[in-house]
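Working notes, beginning with the structure itself.
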Amino acid sequence: MIPLDRHKELHTEASKIIYICDVIKLLGLTPKKFFLAFIEQKDIELASRRRLWAIEGWDSTEILLDTIGKFVCSHVRARPLWNEFILTQAKKVLQVDRKRDKPCGLYYNSKEISPDFFAGDNRVLRDNQMVHEETPFLYNLIKSKILHQSNDDADDDVDNTEDSSDEGDDIDANDSLCDPKDDAIVPDGEARVAAKIFRAHMLENSATFLACGVSDRVSKYLNYIGLSSSRLTSHSAMRKLGQTAEKSVIKCMKINQKYPTNLSPLICMCERGLQPGCTC
């Protein structure tokens, strides 16, 4: 039996931890089982002891989780396991509602859009909603990756400036052997991230390309590289916009309307039959 008053003889943190482990072992538990039970048990006293872990005590909780991650990653064979765990958690964060009945989130119903969908104010509103409310995790993750890669490329350019300055004088700008990839492409961080996240941009592009007469072959390529939605989606959007425009024209040409306009019907019926532009 381990005496409970032994704590008076413990002066170092290591000795205290060893003593606690001995007590846990004596009770038939392990450190992992102890922490798991401490978190999951619904006993009122235990719930009171851990009540500050989630919010008020998040700083120390974060340190604990980060320390566990560093310990696991210190073993080479365990790093893939930790990465898989983090990936699983990221997938859970990125789970979205699969109901597509409302034009919000990552999905937009092409059958329910209106002309206001293409307005600049609504575009900014959708962007802010996507970045700050619906998918801030994905936005910041992609942005961090792009900015980190840009910084690495900038450092490489600085390191290779002196070595490449002399060789650059011998390169012909019109040489067909020059690889297009040799030209450094500096990505616009937020614009590239927005292009990957906002499905609204893809839908807007597809509808615009269709209205401008872009060929089906080009549209398929733009859809393949992720710049626009499919031609089927754009046709669906244009049908909805056409129905909205039709209702607007009918409303403008309506007789005895409350606020009449100067637009007259293009064709009307009279005694002389069909007369285009008749004002009778």
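Computed from the coordinates by the stated procedures, all read-outs in this text should not be read as laboratory data. Computed from a predicted structure; not experimentally measured.
Numerical summary
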item: Added length on full extension, which subtracts the Cα-Cα distance from 0.36 nm per residue, Arg51 to Glu246; result: 64.2 nm
item: Amide proton proximity set for Val214, modelled H, under 5 Å, gap of 5+; result: none
item: For segment 110-119, Karplus couplings with θ = phi - 60° (6.51, -1.76, 1.60), whole Hz, Gly/Pro x; result: 5, 8, 10, 7, 10, x, 5, 4, 8, 5
item: Restraint check, Lys92/Lys220; Lys111/Lys251; Lys32/Lys145; Lys220/Lys240; Lys42/Lys91, Cα-Cα greater than 23 Å; result: Lys92/Lys220; Lys32/Lys145; Lys42/Lys91
item: Backbone HN-Hα couplings from phi across segment 130-137 [Karplus 6.51/-1.76/1.60, Hz, Gly and Pro as x]; result: 5, 6, 9, 10, 9, 10, x, 5
